[in-house]
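No lab work stands behind these numbers, since they all come straight from the coordinates. Small disclaimer: the values here were computed from a predicted structure and weren't measured. When we count neighbours, we look across all protein chains shown, and the Cβ atoms used for this are built from the backbone with ideal geometry, even at glycine.
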Amino acid sequence: MKYLLFTIITFMALMGCSSSKTNGNQETTKVAATKPTADFNADSAYRFVMEQCQFGPRVPGTKPHSSCGDYLAGKLRQYGAAVTEQRAMLTTFDGTEINARNIIAEYNPDAARRILLLAHWDCRPWADNDPDPTKHRTPVMGANDGASGVAVLLEIARQLGEKAPAIGVDILFVDAEDWGDSGTGNDNSWALGTQHWIANPHKPGYRPMYGILLDMVGASGATFAREYFSTLYAQGFVNEVWKVAKEAGYSDYFVDSQGGAITDDHVFVNRAGIPCIDIIDQRSDTDTGFFKQWHTAADTPDIIDTATLKAVGQTVLNVLYSY
Ligand code: AHN
Ligand code: ZN
C-alpha cells in the first residue's frame, strides 16, 4: 500500500516536471540572477542621520562623541558585522590631546577580494566658516559633513547583514578627520584618525582592492564631480563607479566632470598604496567649493535630502554586488 502511494506520488511529480519541460519556448525562462541586488532605503539612511545628530555635535572629547561611538559600534554589531575598535591618543595641530576612536566592521572577513568603505564620524569643533563670527568657536552639527556618509554606510551595513555580497566588505568609521587647520595648507592636520589607522591597520598587511570614501553625501543639490586625487590614484575605479551610477540613473549627481583636489581621508589611504576614491559634494557656486552650510552652524538635518542619500547609497551597493 505504502509502495503504491509512493509510486503514484512519484508519477505525479514526474508528470508535473515533464509538463513544464515540454512547455515550448517557455524553456528559455531563466532562474534568478546569481548576483544579489538590493534596494537602498534612503528613509532608513535619513533616520541614521537624525540619530547621530540627536546626540549633539560629535566632537572628540565630548559626551555626544562617546555616546555616538557606542551607538555606531552597536548598530554595526546588530547588522551582523565583526566589529573592532581602535582607540588612540592623538595630538591635533593646535596641541590638543584627543581620545580618538576608529570603528571597523568586517563582512565576509575571510574573503581575499575586499572593498573598503569609509567615512568620518567626528564633527568639527568650530563653525569657522559661519557668516556670523560669534559662531566661529561653536561646534558644527555635521548633519552633512560627517553624519551623511556614516548614515549611508550604516544602511549599507544593514543590507549586507541581510544579503552577503560575494566579496569581503570593510566599513571604517574614522575619527578626528575634521580637527584640521583651515588657514595654512597644513594638510597633515586633517584626517588624523585615518592617518593613525594607516600606520596601525586593524589587520597586518591589510590590502583591499579599492576604497570608497563618502564625505558630504546628503545635501540637496549635491554634485559629485570626479575628485582630483581619486582620478590620479584610481582612475579605472572612478570610471567604474561613475558608470554604475549612470546605469542606475544618477548622472545628475555623479556628473561627468573633473573636480578639484581635496585633502581628505582618501589621500592618506592612497599614499599607503590602496586605490581609494572620494565621493564628495563639490560646488562651483560657493566660495568654499563645498555645500553652502559647510563648517557653519546651519549644517543641520534640514539640509539633508533623501534623494541624494539614495543616489550615493544605491550606487555604492550596486558596485559591491557587481563583484
Ligand atoms: C580641506 O578643507 C583642506 N579639506 C576638506 C576635508 C574635509 C573637511 N572634509 C570634511 N570636512
Ligand atoms: Zn568638515
Put +1 on the Cβ of every Lys and Arg and -1 on every Asp and Glu Cβ in the chain; which of 156, 214, 322 then has its Cα farthest towards the positive end of the dipole?
322
In the chain, helical segments from DSSP H whose Cα atoms cover 27 Å or more along their own axis and that average at least 0.5 on the Kyte-Doolittle scale are 2-21
Among 177, 247, which comes first, second and so on when ranked by fewest other beta-carbon atoms within 10 Å?
247, 177
Taking 8 Å as the Cα distance limit and 6 or more residues as the minimum spacing, I'd like the relative contact order of the chain as a percentage.
22
Ranking of 117, 154 by count of other Cβ atoms within 10 Å, fewest first:
117, 154
Cα centre as origin, Lys/Arg/Asp/Glu Cβ charges: the stretch 150-222 dipole, Debye
400
Please state the charge dipole magnitude for the stretch 186-323, taken about the Cα centre, from unit charges on C-beta atoms (+1 on K and R, -1 on D and E), reported in debye and rounded to the nearest 20.
520
For the chain, with only Lys/Arg (+1) and Asp/Glu (-1) charged at the beta-carbon, what is the dipole magnitude about the Cα centre, in debye rounded to 20?
1580
Alpha-carbon centroid distance for the pair the stretch 42-119 / the stretch 139-176, whole angstrom
9
Cross-link list 163/310; 75/310; 75/292; 75/246; 203/243: which exceed 24 angstrom alpha carbon to alpha carbon?
75/292; 75/246; 203/243
Can you compute the helix-only [θ] at 222 nm over the chain? Use -39500 (n - 2.57) per DSSP H run of at least 4 residues, normalise by all residues, nearest 500 deg cm²/dmol.
-11500 deg cm²/dmol
Based on the Kirkwood radius over alpha-carbon pairs, what value in µm²/s does the Stokes-Einstein equation return for the translational diffusion coefficient of the chain at 4 °C and 1.567 mPa s?
62
For the stretch 46-118, diffusion coefficient by Stokes-Einstein and Kirkwood Rh (Cα), 37 °C, 0.692 mPa s, µm²/s:
236
Neighbour counts of other C-beta atoms within 10 Å: give me 216, 89 arranged from fewest to most.
89, 216
